[in-house]
Amino acid sequence: MKKISSVILLSLLFIGVIPFLYSFTSFNNYSNNPIIKFPYKKAGLTERQAAAHLLSRFTFGATPNQIDEVVKMGLENWFQQQLLANQSDDSLKTMLSGYETLSMTNEEIVKIFPRNNGQVIKRAIKEGKLEKDSGQFDKKENRIKIDAYMKANGLKPERELIRQLINQKILRAAYSNNQLQEVMTSFWFNHFNVSLTKKDCIHFVTCYEKNEIRPNALGKFGSLLLATAKSPAMLTYLDNFRSVANESGSVANEAGARRLRELYAKQLELRNSGDTSKQFKDVIEKIKKSQKAQGLNENYAREVMELHTLGVDGGYTQSDVTNAAKVLTGWTIFPMSNAYGGKDAMTKLIERVGEDRLKQQGFVHEGDFMFTPNKHDKTEKVILGKIFPANGGYDEGVRLLNMLANHTSTAHFISKKLAVHFVCDNPPTTLIEKMANTFLSSGGDIQQVLLTMVNAPEFWSKESVREKIKSPFELAVSTSRALNAGIAQPYQLANWINKMGERMYFYQAPTGFPDKAKYWINTGSLLNRMNFGLALASQRVPGVTFNLSALNNYHEPESTEAALSTYCKLLMPERNVNETVKRLTPLINDPTIHDKVDAAAGKTVSPQTETSMSGDEMMNEKGSQKGKKGKTKNEDLTINQMQSMKGNNSMINQVTGIIIGSPEFQRR
């Protein structure tokens, strides 16, 4: 019989797995709870298999020999240690020490990283460093002057701020000893999403993650909600810093308000249908115009109910949204130099009146947050049946967020999102109910909710083990951890993560990235993942190094088949890899598979890569080589080149690359 072509085998392997993937069905308080023995044995798991499952869910991937460490420590003790999130991270701190932005305040970032050349030019003209001739600013000599002015004044391009933000995320995920804290930081950032696509946000995202998300990632949900609500990043992303009451204390006119409600309803309908067509964009533009005319901005009020707390079916009405927006008028940003009108006016006001006097008048100033009572709606409001009396000031906003944080609908909505992320795409309602009950009884204690989840039989069931699919970020980081890789140039990994469909910090919608397999898995994305595996394994991702032979204690496999079996067990420990080896063997033995996979990956692009980075944003770390149009040489591996590599190492590289790109390795 004629041998089946390798491309058909590859297609059957990938396409056959897609329907299957689609069918996937406070710190102190912890010490007061008895340690319950995790019920993994009832699900038929050994202790080592259970350890592997824990590591797959609560870290960004197991490192070599980490299963042994967890078993030796005891699964329950390891999980308790992760909940405390207090392990030293000296090596990571050393890696991050060169990232100056991580120690900066929002205001310092605003000053040092001007949003555009226009700001620099305006300042340079004011100081007499440039002549006031706007028609000449694009000339080469003036660009040189601008660059010199920036250097002399310690100013840096915005893209450097973004590069450091992305790099630190990769390094923390790859190397932090407090893995659960980093996993939860990523989860909550996605839940309370803000995006670099909104230029107003760019200066504030670093501190948002550092000061609001990470410290509260394992605390009380209400604290996390309030911290995000008062962050300049969220205030700008969802426009609440612009939301003010009209002189009458209400919406300017009922007809305009009614039109705005209709537009919001249309937006929700299109969003739920997945429509991103021109019609959806037109609706967004009409909403913006209508909001500007009204003064009151409902963006944050709507999303804090729909996406952050109650959920789309949480039982609120349009009237609740409008009244919540009124409660949150006056929640804005303490002015910063070079941003939102400058700090001078507020400084003069404080000097003239005095901060104590302003407090007496109802002003609230906490860090970068400010509540301004003169912009606040002072009328009575009713939200979810609760009366908010007139003249409630700042406190009524805190009361609103506390009410939302502890609502029954919020308990179920958050519990389900956590279960989807950590258990399976369609978690059983029995598990969600257990978690929601804990959420309510503990006052939204995130640790207690996670404990309830991991102590539940549903977490350990066969429907949950290895039934989650890695996002591109999770794939890249888990691979690096599995290979015990050194990451000297994290942005090179970021380039591949973007190519595979996940542009970190750039997801535009407030929903955050979807958390289910059907979003990530399709033929094109699987081929891109295979190409990534082959590129990384052949050491063609600059700045990422590892020793494949060391993983196997420098023992050389006797054959390609032996290498496939050995490295499957090393990279996917405690799994039955027999079927995986059987499916991958034809790919390993086909001498032309590299050309065909490479060709297919070049033609097929994951839908999520449509918003690829520009040439400027795809900047490379020091030491990398750039080719035409800003692309890094060897960023897209020509897999033919692998065949020119001689000896046994080339064979191990090839085997490892195909394992990384295989459907089984995509599971966590």
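Read-outs throughout are calculated quantities, based only on the coordinates presented, and are distinct from any laboratory measurement. Computed from a prediction, not measured in an experiment: that's the story for all the values here. Every residue, glycine among them, receives a Cβ derived from its backbone with ideal geometry; neighbour counts consider all protein chains shown.
In sequence order, what are the phi-derived ³J(HN,Hα) couplings for the range 410-423 according to the Karplus relation 6.51 cos²θ - 1.76 cosθ + 1.60 with θ = phi - 60°, rounded to whole Hz, with x for glycine and proline?
Couplings: 5, 4, 6, 5, 5, 4, 5, 4, 5, 5, 4, 6, 9, 10 Hz.
Test of understanding: what is the full-extension gain from Asn437 to Val312, defined as 0.36 nm times their sequence separation minus their Cα-Cα distance?
43.0 nm
Give the residue from Phe506, Ala436, Leu536 lying farthest towards the positive end of the charge dipole for the range 431-556; charges sit on Cβ (+1 for Lys and Arg, -1 for Asp and Glu) and the dipole is referred to the Cα centre.
Among Phe506, Ala436, Leu536, the one farthest towards the positive end of the dipole of the range 431-556 is Leu536.
What are the ³J(HN,Hα) couplings of the range 79-96, residue after residue, when phi is run through the Karplus curve with 6.51, -1.76, 1.60 and θ = phi - 60°? Round to Hz, x for glycine and proline.
5, 4, 4, 5, 5, 6, 6, 10, 6, 5, 10, 4, 5, 5, 4, 5, 4, 8
Sort Asp90, Asp445, Asp590 so the one with the fewest other Cβ atoms within 10 Å of its own Cβ comes first. Present the calculation step by step, with values, prior to reporting the outcome.
Working: Asp90 8, Asp445 21, Asp590 18.
Ascending Cβ contact count within 10 Å gives the list Asp90, Asp590, Asp445.
Between beta-carbons, use under 11 Å as the cut-off and find the net charge around Gln666, counting Lys and Arg +1, Asp and Glu -1.
Surrounding charge for Gln666 is +4.
So what are the radius of gyration and Dmax for the Cα set of the range 347-405, in Å?
13.5, 42
Could you grab the relative contact order for the range 486-545? Cα pairs under 8 Å, six or more apart, rounded to a whole percent.
62
Please go through the residue pairs Lys169/Lys417; Lys199/Lys518; Lys220/Lys462 and name each one whose alpha carbons sit more than 25 Å apart in this structure.
Those over the limit are Lys199/Lys518; Lys220/Lys462.
What is the fewest-to-most order of His308, His412 by other Cβ atoms lying within 10 Å of their Cβ?
Ascending Cβ contact count within 10 Å gives the list His412, His308.
What FRET efficiency would be calculated for the residue pair Ile350, Lys199, taking the C-beta separation as r and a Förster radius of 35 Å, to the nearest 0.05?
Numbers: r = 28 Å, r/R0 = 0.81.
With R0 = 35 Å, the Cβ-Cβ based efficiency is 0.80.
Measuring from centroid to centroid over Cα atoms, what is the spacing of the range 182-212 and the range 535-551 in Å?
31
Would you kindly state how much longer the chain becomes between His365 and Met73 on full extension, computed as 0.36 nm times their sequence separation minus their alpha carbon distance, in nm to one decimal?
Separation in residues times 0.36 nm, less the Cα-Cα distance, equals 100.5 nm.
Is the C-alpha gyration tensor of the range 537-597 telling us rounded, prolate or oblate? Criteria: a/c under 1.5 is rounded; beyond that, a/b larger than b/c is prolate, otherwise oblate. Show your work: numbers first, answer last.
On the way: a/c = 1.66, a/b = 1.06, b/c = 1.56.
Because a/c hits 1.5 or more and a/b fails to exceed b/c, the range 537-597 counts as oblate.
Quick one: if you stick a label point 7 Å off each Cα along the C-beta vector at Lys582 and Thr511, how many nm between them?
Roughly 3.8 nm, to one decimal.
Please give the length that would be gained between Thr46 and His555 if that part of the chain were fully extended, namely 0.36 nm times their separation in residues minus their C-alpha to C-alpha distance (nm, one decimal).
180.5 nm
Indicate the gyration tensor shape class of the range 466-541 (rounded, prolate or oblate), computed on the Cα atoms with a ≥ b ≥ c the square roots of the eigenvalues: a/c under 1.5 is rounded; otherwise a/b larger than b/c is prolate and the rest oblate.
Since a/c reaches 1.5 and a/b is larger than b/c, the shape of the range 466-541 is classed as prolate.
Using only Cα atoms, what is the ratio of the radius of gyration of the range 105-208 to 2.2 N^0.38 Å?
1.38
Given Lys37/Lys434; Lys210/Lys470; Lys470/Lys569; Lys122/Lys230; Lys470/Lys582; Lys230/Lys386, which pairs have Cα atoms separated by over 26 Å?
Pairs exceeding 26 Å: Lys122/Lys230.
Throw me the Rg/Rh for the range 505-555, computed over C-alpha atoms with Kirkwood Rh, two decimals.
Radius of gyration over Kirkwood radius for the range 505-555 works out to 1.15.
Along the Cα→Cβ direction, 7 angstrom out, place labels at Lys140 and Thr94. What is the inter-label distance in nm?
About 4.5 nm, to one decimal.
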